[in-house]
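Novice: Have a look at the structure that comes next, please.
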Amino acid sequence: MSAEVQAPAPQRSWLARRSATQRTLAYSFVVVALLLAVGVILKPGILSGSSLRIIAELASFVGFVGVGQTLVFLLGGIDFSVVWVLNAAAILVVAQAAGHNSNLPVALVLTLGVGVVVGLANGIGVAYFSISPIVMTVGTNGIIQGLALGLSKGLTCSSCGAHPAPALTSALQGRIGGVPGVVLVWVGVILLISLLLSASTLGRRIYATGVNPAASYLAGVGVKPVTVSVYVISGLFAAIAGIMLVTFGGGASLGLGDPYLLESIAAAVIGGVSVLGGRGHYLGTVAGCLALIILVTILNAEQIPQYAREIVYGGVIIFIVLLYGREKRVT
Amino acid sequence: MSEDAVRSAVTDDVPQSGPESPAPGPDSALLEAAGISKSFGAVQALADGSLELRRAEVHALVGENGAGKSTLIKVLSGVTRADGGEVRVDGRPVRLDSPSAARRLGLGTVFQELSLLPWMTVAENLLIDQLPRGRAGLVRRRSLPSEAEKVLAHFGIETIDPREIPERLSLAERQVVEIVRALHRRPRILFLDEATASLPKHQVDWLFETIDRERSAGCCVVFTSHRWKEVEQIADRITVFRNGRKVATRPSLNESEAVTLMTGRRVGEIYPPRPRAQPDAPALLEVEDLHADGVDGVSFSLRRGEVLGIGGLAGQGQRELFLSLYGVRRPGGGKITVGGREQRIRRPADAIRAHIGIALVPEDRKGEGLLLPLPIRDNLTLPILRRLSTGGLVRRADERKLVEGLMDQLQIGGGRRPTEAVETLSGGNQQKVLVGRWLLAESEILLFYDVTRGVDVATKHDLYELIASLAAEGRGILLYSSDTDEIAHLCERVLVMREGRVARQLTGAEVDTEKIVAASVMEEVAANG
Amino acid sequence: MASRAVDRRGWWNYFAAQQATLLLAVIILIVTVLAYLGFYAAQFHHLPNSFAWDSTITNALPLVFVGVGQGIVVLTRGLDLSVSGTMDLTNGLAATHMHASLASMLGWTLIVLGVGAAIGLVNGLLVTVGRLQPIVVTIGTMSILQGAAAAILPEPGGSIPQAYTNVLGNTGSPVGLVFVALIIIAWLVLRRRPLGFALYAIGNDPQAAAANGLNVARARIAAYVLSGILAAAAGLFLAAGSSGGDATGGDSYLLASFAAVVLGGVSFRGGRGSMVGVVCGAGVLTVLVNVLFYAKVNSFYESFYQGLFLVGAVLLGLGVTAFTSRGRRGGAR
């Protein structure tokens, strides 16, 4: 009677019953495993404690920025302002604390506050004024860049060259059970964001909004507040990444955050997060961060010059998305 | 000018079958399609689509929503690629793998979803594939409007400015531009998919005159419409589709034969007994003098257990009424009382939480209803996440129990898990998810807006029973359908809308298809005459 | 049949509906230039001389060209992040290979433009045939191109023949204006080619464009190829202007090209805007630097004002668009 043939559910394979998100998540971890295998063949030392430690730490910096980029991607947006939020945060947390632990709490609050404010501005612009995310975040990136450079006089202010507060450095660079503090923080963030995406009401609303804002609105989702909160989270985590990075490099420097826009986007994309929204998970981005850093480690170990690394890097991104990031054929 | 006068004027002007138009005969098949099939995911839209078209005929393609007419037209226009089957034009097998391939064969189409370019001028839209070129092959942009004006005038349209952009035209005007564009390409076969749906009466007359003229010139016009009168008025032959297959092609059909062929049942058989509210049942929803964009002072009350029909021709403010009750459009004035409490509804979330809950089941299941790639579970519980969560985290066990219970109750999924994507379900099951969402939300007032569009008969039947049982449980239901029959069979009271107002209220024995149609059409005729 | 007279309005109304954002771009340019004149005159008590004008225009050239390329891609609802990499590479190629002979200069100009076209072709094919998102594709190619540029020119250096600088980067004669005029004329010609109409149609609605029989894939590829060629040309202007090469010299032009597109009034949702506007947008960004300089704003704050300007212009553009596209019948959808 019914023309709509119902595919018999029980016969479908295990993989076919997974969602697109779960499938690409699986692929991205396969990529990490393969790269690690290549690494072991070329350089057995890659599995040593110190090597793994540095991989995890470098991946964590991409991972912090990647939180925001992942969530923003899930809404079908993009955040270009992470670069200068990160830079500004690095400058602010160093300059405000001026190397003294007693100034640290205020410095941290101010720094995170900057991230939140920029995210808020982005979110309001995108959600309430329907400004294209690219335009809005390029604009705020410029604004925060000008402010950071202007107020720090091009990083020449007296306290700009200070070392980060000792307490901050020892907390994040100190090791607990051989694991750097930064990596432990990242593990916490991974758990938190996974919980947010998989188990929280906000996570459900983010996916729904990313898939179809009109239908989500009709189902009672506050599409605009959800959008604003996602950009706020993105700004916040870009600032966190800035704080983490100053402890790693021992100070703020211009151009500190420049690579992280590209890398956070690449990590999310390799992790199977769709830039069109609604598909992907932070765990995929985590796999993407690890894949990128393992790739760089292998290229370093093979003493491949910097320029060739960039070429391989770009090639690998395109190759991986050709494998599992293609859009469905229309019709 | 009366309708008859228009038609006689046309028949005087244009010879019905001039010597230049070849005599239609069995040999002169212009196009033959056989065994066309097409699936979208789990849904087979077309199983065995066949069609035979001749020169100089108007061929009506009829069938229920979801019977496969539009899919067949899309395949024949080169927009959708068929999974299987064969198409012959002039007896030769052809490949229709792009719209331009179809165009080269002389197949032109006016699609159901408008395909105008919203920010390019009407002139650019009309002439996009035959732009007037001047020196060095450059397009003479300045002469575009006058060229387009000539084209429009040629087809008798003088009320549309070619310099305007479609964004600023009315729906009917956009439809006219779309039709003129297809005609201007001089197709040998012209497909009109629901081309009259958004046209007012005088423009339908214009379209029929034009179709007549095209037929006389030897063109074959394929026509779909859900208005039976139009089919009877203009079609030379009628092909009936049901469940993705061709059922019959006949030179003429009366309406009841057609319904039997289209549904495979007799009229009335598919409807459950009409639900009735207790005469003294309390009012769930009271609307007083509601004003909004397109709604001009509507008042009514909906009682517990009642199915209240909203009738009338398409586009008379029904959609706007539903959207403003649900908070999508801000009302410009009036009072909405829900379960005895006056409520301000500014967004859907307000409606969902308004005292006893208002819910909207939209027509466009894919665009406005479901989140297709997301799990069945997420789709069902989206409106009640607040209730199902503690500290921002979803209580998974509670949710699972609720969702599984509902999937059992409505027989959703045929053994699928709640975590599988909604898009793997058939259309009927998807529709049940959409209604089921509001059962979980315990909404007592349900707004059903044309929910049986694109749904097969079996599922329609299920939906009717569901509506009846929801009413029997004491919910109040506001029902709009583009299929007046449904309103007639499910509602005990019908408000017929015209131009944003309630033109007439029909109750009890007055509620039948003819009377509803009469109430919406006769006043229209009266207003025009 | 009831005949209703066409609601005829003046050409101004139609122009405003379609070109409001272009008009806004021109107005913003005029205001910026006036501000420049004001601050300049306040400081020197005379108006800028021809050298000041010529050098401003020459400075604007790389951004004008890369911006128009970006704008064409944006018009089709795409995005080209690789333009900065293309500029790096072409800039490096010119600085390392070009000699002071006419054959070399002409030959390498053509080779460089050809390289740009090839880059665009790869981007376009990956986006259309590969069915990948433009942003992902062009981030990948950007990285590859930056690597290639660094391989060719590991450190800033190389040289550009003086004769070449005299043509492309001359600050002593209004030759820059000729190039601006050339790109505007080229755009106006493209706008009157079927390809020009196709670019707009795709940006309006790719599916409707396909249903109208346009070859969507071909036009999208063409957009990326044009963007590649124009970015390559921008790289040449950059090299000529600085009389030497820098393999990272193009990097700052990525976000600037977006800014020029936005200030030019091209919608990032595609299908609306004019490249004449983008030329104005590039002009605004260049003159704005002068304004800030003569207004004695610390150069560290430059990007602050640019960002503010950008967001402000977008808001203004949205307001104007919302105002002019209100239908006669209002709320038709």
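Novice: Go through region B:351-381 and report how many residues are more than 7 Å from chain A (Cβ to nearest Cβ), touching a helix residue (DSSP H, G or I) at 6+ places or on another chain (Cβ under 9 Å) and among the β-branched types (Val, Ile, Thr).
Specialist: Residues that pass the stated criteria total 4.
Novice: Can you tell me how many residues within region A:184-199 are buried (at least 20 other Cβ atoms within 10 Å of the Cβ) and of a type outside the set (A, V, I, L, M)?
Specialist: Matching residues across region A:184-199 total 1.
Novice: Oh, and also: For residues in region B:299-327 being part of a loop (DSSP other than H, G, I, E, B) and in contact with a helix residue (DSSP H, G or I) (Cβ under 6 Å, 6 or more places away or on another chain), which is nearest to the other protein chains (Cβ to nearest Cβ)?
Specialist: B:Tyr326
Novice: For region C:194-206, what are the residues that are at the interface with chain B (Cβ under 7 Å from one of its Cβ atoms) and either out of contact with any strand residue (DSSP E or B) (no Cβ under 9 Å at 6 or more places or on another chain) or more than 24 Å from C:Val83 (Cα to Cα) (or both)?
Specialist: The answer is C:Pro194, C:Tyr200, C:Ala201, C:Asn204, C:Asp205.
Novice: From the set of residues in region B:382-416 that are facing chain A (nearest Cβ under 8 Å) and touching a residue at least 24 places away in the same chain (Cβ under 8 Å), which is nearest to A:Leu196 (Cα to Cα)?
Specialist: Among residues in region B:382-416 that are facing chain A (nearest Cβ under 8 Å) and touching a residue at least 24 places away in the same chain (Cβ under 8 Å), the one nearest to A:Leu196 (Cα to Cα) is B:Leu382.
Novice: Also, I was wondering about something else. Could you tell me whether region C:91-108 includes any residue that is among the hydrophobic types (A, V, I, L, M, F, W, C), touching a His at 6+ places or on another chain (Cβ under 6 Å) and either more than 10 Å from chain A (Cβ to nearest Cβ) or more than 18 Å from C:Ala233 (Cα to Cα) (or both)?
Specialist: Yes; the residues of region C:91-108 include at least one that is among the hydrophobic types (A, V, I, L, M, F, W, C), touching a His at 6+ places or on another chain (Cβ under 6 Å) and either more than 10 Å from chain A (Cβ to nearest Cβ) or more than 18 Å from C:Ala233 (Cα to Cα) (or both).
Novice: From the list A:Gln22, A:Gln6, which one is within 14 Å of another protein chain (Cβ to nearest Cβ), over 16 Å from the mean Cα position of the chain (by Cα), at pLDDT below 90 and assigned to a helix (DSSP H, G or I)?
Specialist: Result: A:Gln22 is the single residue among A:Gln22, A:Gln6 that is within 14 Å of another protein chain (Cβ to nearest Cβ), over 16 Å from the mean Cα position of the chain (by Cα), at pLDDT below 90 and assigned to a helix (DSSP H, G or I).
Novice: Okay, next question. Taking the options C:Asn166, C:Asn170, name whichever one is under 23 Å from C:Ser104 (Cβ atoms), touching a Gly at 6+ places or on another chain (Cβ under 8 Å) and more than 8 Å from chain A (Cβ to nearest Cβ).
Specialist: That would be C:Asn170, the only listed residue that is under 23 Å from C:Ser104 (Cβ atoms), touching a Gly at 6+ places or on another chain (Cβ under 8 Å) and more than 8 Å from chain A (Cβ to nearest Cβ).
Novice: Let me ask something additional. Just checking, does region A:144-167 include any residue being under 30 Å from A:Ser51 (Cβ atoms) and in a helix (DSSP H, G or I)?
Specialist: Within region A:144-167 (the criterion being under 30 Å from A:Ser51 (Cβ atoms) and in a helix (DSSP H, G or I)), the answer is yes, since at least one residue qualifies.
Novice: Now for a different question. Can you pull out every residue in region C:130-163 that is surrounded by fewer than 17 Cβ atoms within 10 Å (Cβ to Cβ) and more than 10 Å from chain A (Cβ to nearest Cβ)?
Specialist: Passing the criteria: C:Glu155, C:Pro156, C:Gly157, C:Gln162, C:Ala163.
Novice: While we're looking at this one, here's another question. For the condition more than 14 Å from chain B (Cβ to nearest Cβ) and under 10 Å from C:Thr90 (Cβ atoms), what is the one hit in C:Leu230, C:Leu238, C:Leu254, C:Leu226?
Specialist: One residue alone meets the criteria, C:Leu238.
Novice: Just the residues that are surrounded by fewer than 22 Cβ atoms within 10 Å (Cβ to Cβ) and touching a Lys or Arg at 6+ places or on another chain (Cβ under 9 Å), please, taken from region B:169-188.
Specialist: Scanning region B:169-188 gives B:Ser170, B:Leu171, B:Arg185, B:Pro187, B:Arg188.
Novice: For region A:168-205, name all the residues that are assigned to a helix (DSSP H, G or I) and of a type in the set (Val, Ile, Thr).
Specialist: Across region A:168-205, the qualifying residues are A:Thr169, A:Val182, A:Val183, A:Val185, A:Val187, A:Val189, A:Ile190, A:Ile193, A:Thr201.
Novice: Take the residues in region A:280-319 that are under 30 Å from C:Ala210 (Cβ atoms) and at pLDDT 90 or above, then tell me which one is surrounded by the fewest Cβ atoms within 10 Å (Cβ to Cβ).
Specialist: A:Phe319
Novice: Quick one: C:Val127 ticks every box in (1) more than 14 Å from chain A (Cβ to nearest Cβ); (2) closer than 28 Å to A:Ile318 by Cβ except a single one, so which number is it?
Specialist: Unmet for C:Val127, out of (1) more than 14 Å from chain A (Cβ to nearest Cβ); (2) closer than 28 Å to A:Ile318 by Cβ: (1).
Novice: While we're here: For region C:250-263, which residues satisfy the criterion of being touching a residue at least 24 places away in the same chain (Cβ under 8 Å) and either among the charged types (D, E, K, R) or in a helix (DSSP H, G or I) (or both)?
Specialist: The answer is C:Asp251, C:Tyr253, C:Leu254, C:Ala256, C:Ser257, C:Phe258, C:Ala259, C:Ala260, C:Val261, C:Val262, C:Leu263.
Novice: Kindly evaluate B:Ile157 against the criterion of being within 9 Å of chain C (Cβ to nearest Cβ) and touching a helix residue (DSSP H, G or I) at 6+ places or on another chain (Cβ under 9 Å).
Specialist: When the stated conditions are applied, B:Ile157 does not pass them.
Novice: Could you run through region A:124-139 and say how many residues are among the hydroxyl-bearing types (Ser, Thr, Tyr), in contact with a Phe, Trp or Tyr (Cβ under 8 Å, 6 or more places away or on another chain) and either surrounded by 24 or more Cβ atoms within 10 Å (Cβ to Cβ) or more than 9 Å from chain C (Cβ to nearest Cβ) (or both)?
Specialist: 1
Novice: Say we look at region B:81-114 and pick out the residues that are away from every other protein chain (no Cβ under 14 Å) and on the phi > 0 side of the Ramachandran plot; which of these is surrounded by the fewest Cβ atoms within 10 Å (Cβ to Cβ)?
Specialist: Residue satisfying both the conditions and the ranking: B:Gly91.
Novice: From the list C:Val266, C:Val289, pick out the single residue that is touching an Asp or Glu at 6+ places or on another chain (Cβ under 8 Å) and either more than 10 Å from every other protein chain (Cβ to nearest Cβ) or in contact (Cβ under 8 Å) with a residue 40 or more places away in the chain (or both).
Specialist: Sole residue among the options that is touching an Asp or Glu at 6+ places or on another chain (Cβ under 8 Å) and either more than 10 Å from every other protein chain (Cβ to nearest Cβ) or in contact (Cβ under 8 Å) with a residue 40 or more places away in the chain (or both): C:Val289.
Novice: Just wondering, is there one or more residues in region B:119-141 that are more than 9 Å from chain C (Cβ to nearest Cβ) and among the acidic types (Asp, Glu)?
Specialist: no
Novice: Within the set of pairs 6 or more residues apart or between chains, which connect a residue that is over 20 Å from B:Pro373 (Cα atoms) inside region A:22-39 to a residue that is among the small types (Gly, Ala, Ser) with Cβ atoms less than 8 Å apart?
Specialist: A:Phe29/A:Ala287; A:Val31/A:Ala287; A:Val31/A:Ala291; A:Val32/A:Ala287; A:Val32/A:Ala291; A:Leu35/A:Ala291; A:Gly39/A:Ala301
Novice: Right, C:Gly281: of a type outside the set (Phe, Trp, Tyr) and closer than 25 Å to C:Ile30 by Cα or not?
Specialist: Yes; evaluated as a whole, the condition is true for this residue.
Novice: Which condition number does A:Tyr307 fail, the rest of (1) within 8 Å of chain C (Cβ to nearest Cβ); (2) within 21 Å of the chain's Cα centre (by Cα) being met?
Specialist: The failed condition is (2).
Novice: Among the helices (runs of 4 or more DSSP H) lying completely within region C:96-204, list those that include at least 2 residues that are within 30 Å of B:Ser143 (Cβ to Cβ) and under 19 Å from the mean Cα position of the chain (by Cα).
Specialist: Because the criterion is at least 2 residues that are within 30 Å of B:Ser143 (Cβ to Cβ) and under 19 Å from the mean Cα position of the chain (by Cα), the helices (runs of 4 or more DSSP H) in region C:96-204 that meet it are C:175-191, C:194-204.
Novice: Do you know which residues across region B:187-202 are of a type in the set (Lys, Arg) and within 14 Å of chain C (Cβ to nearest Cβ)?
Specialist: Within region B:187-202, just B:Lys201 meets the criteria.
The values are calculated or read from the model by the stated rules, or taken from the named source; none is laboratory data. Every value quoted in this text rests on a predicted model; they were computed, and no experiment measured them. Because the Cβ atoms are built from the backbone with ideal geometry, glycine has one as well, and the counts that use them run over all protein chains shown.
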